[in-house]
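This report concerns only the one structure given below.
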Amino acid sequence: MWCPINPRNEADENRELLDFFDCSCLIFQASFAPLVERIFPLLPQVKTLVCLDQDLPTAIHFDQWVAGLPAGPWQREAVDDTAMIVGTGGTTGKPKGVMLTGRNIETMTALTLMSYPIGDRPVYLALAPLTHAAGVLCFPILASGGQIIIMRAPDLKVFLELVKKVTRSRTLSCRRH
């Protein structure tokens, strides 16, 4: 199951969440390798480190990790099984884990698709951490065959350039058909 953690949290808070959630695999981007190196020795349950975008001596590259998975049809878990554990904000003490089932995620996706004017093949410029609502919005975008562009940091200039680029490419794509 997926247990997203916010890399903007303090290292100790993320270590506590990963330990509390009994995580056995930690998937991260290379820019967070220093954080992972700091907390990994304190996570006895984590057996596998997977880096999404770079070859690192301490982690397996995502492409290599995926290549090692069994071939053939993928069997999804029953819809009422836990699919995701999300850490709460911890405003009244230590963060807690909210368990979401596949049915919870499917229902949130369906409600969003019914409520938002998501068109054909949407593009989502994700700026906020994908560990919260910004991540939940990825599900209906993907269900619509859309594209997600993850922005690394708040930058209005980059955001406006991306809007212009996406709008221009969609206009050119529409003209070709």
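The values are calculated or read from the model by the stated rules, or taken from the named source; none is laboratory data. Bear in mind that the values here come from a model prediction, so they are computed numbers and not experimental data. Positions of Cβ are generated from backbone atoms using ideal geometry, with glycine treated the same way; all protein chains shown enter the neighbour counts.
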* Answer yes if at least one residue in the range 31-49 is within 20 Å of the chain's Cα centre (by Cα), closer than 17 Å to Pro129 by Cβ, surrounded by fewer than 16 Cβ atoms within 10 Å (Cβ to Cβ) and not assigned by TED's automatic domain parsing to the domain that holds Cys138, and no otherwise. => yes
* **Filter result (outside any loop (DSSP other than H, G, I, E, B), of a type in the set (A, V, I, L, M) and touching a residue at least 40 places away in the same chain (Cβ under 8 Å)) within the range 1-56** => Leu17
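Quick grid of which residues meet (1) more than 16 Å from Asn6 (Cβ to Cβ); (2) assigned by TED's automatic domain parsing to the domain that holds Ile5; (3) assigned to a helix (DSSP H, G or I):
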residue	(1), (2), (3)
Ala83	yes, yes, no
Gly89	no, yes, no
Val98	no, yes, no
Thr107	yes, no, yes
Tyr124	yes, no, no
Thr131	no, no, no
Ala134	no, no, yes
Pro154	no, no, no
* What number of residues in the range 12-30 are closer than 18 Å to Lys96 by Cα, surrounded by 15 or more Cβ atoms within 10 Å (Cβ to Cβ) and not polar (S, T, N, Q)? -> 9
* Right, Gly102: touching a Pro at 6+ places or on another chain (Cβ under 6 Å) and either free of Cβ contacts under 8 Å to residues at least 40 places away in the same chain or of a type outside the set (Val, Ile, Thr) (or both) or not? -> no
* Are any of the residues in the range 95-110 at pLDDT below 90 and touching a helix residue (DSSP H, G or I) at 6+ places or on another chain (Cβ under 7 Å)? -> yes
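Could you list, in sequence order, the residues of the range 136-152 that are assigned to a helix (DSSP H, G or I) and either among the hydroxyl-bearing types (Ser, Thr, Tyr) or farther than 13 Å from Arg121 by Cβ (or both)?
Pass one, the range 136-152, residues assigned to a helix (DSSP H, G or I): 136, 138-143.
Matches in the range 136-152: Val136, Cys138, Phe139.
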* Assess whether Arg103 counts as being over 16 Å from the mean Cα position of the chain (by Cα) and farther than 27 Å from Leu160 by Cβ. => yes
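Among the residues of the range 50-66, what is the count of those that are surrounded by 10 or more Cβ atoms within 10 Å (Cβ to Cβ), over 24 Å from Phe20 (Cα atoms) and out of contact with any helix residue (DSSP H, G or I) (no Cβ under 9 Å at 6 or more places or on another chain)?
Taking the range 50-66 first, the residues surrounded by 10 or more Cβ atoms within 10 Å (Cβ to Cβ) are 50-56, 58-66.
Adding the requirement that they be over 24 Å from Phe20 (Cα atoms) leaves 53-56, 61-66.
With out of contact with any helix residue (DSSP H, G or I) (no Cβ under 9 Å at 6 or more places or on another chain) added as a condition, the list becomes 61-66.
Residues flagged as surrounded by 10 or more Cβ atoms within 10 Å (Cβ to Cβ), over 24 Å from Phe20 (Cα atoms) and out of contact with any helix residue (DSSP H, G or I) (no Cβ under 9 Å at 6 or more places or on another chain) within the range 50-66 amount to 6.
Let's see how each residue does on (1) surrounded by 12 or more Cβ atoms within 10 Å (Cβ to Cβ); (2) more than 12 Å from the chain's Cα centre (by Cα); (3) among the basic types (Lys, Arg):
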residue	(1), (2), (3)
Ser115	no, yes, no
Gly119	no, yes, no
Val123	yes, yes, no
His132	yes, no, no
Leu137	yes, no, no
Ser144	yes, yes, no
Arg152	no, yes, yes
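One line per residue, one yes/no per condition, for (1) touching a strand residue (DSSP E or B) at 6+ places or on another chain (Cβ under 6 Å); (2) in contact (Cβ under 8 Å) with a residue 12 or more places away in the chain:
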| site | (1), (2) |
| --- | --- |
| Thr107 | no, no |
| Ser115 | no, no |
| Asp120 | no, yes |
| Thr131 | no, yes |
| Val136 | no, yes |
| Phe159 | no, yes |
| Leu162 | yes, yes |
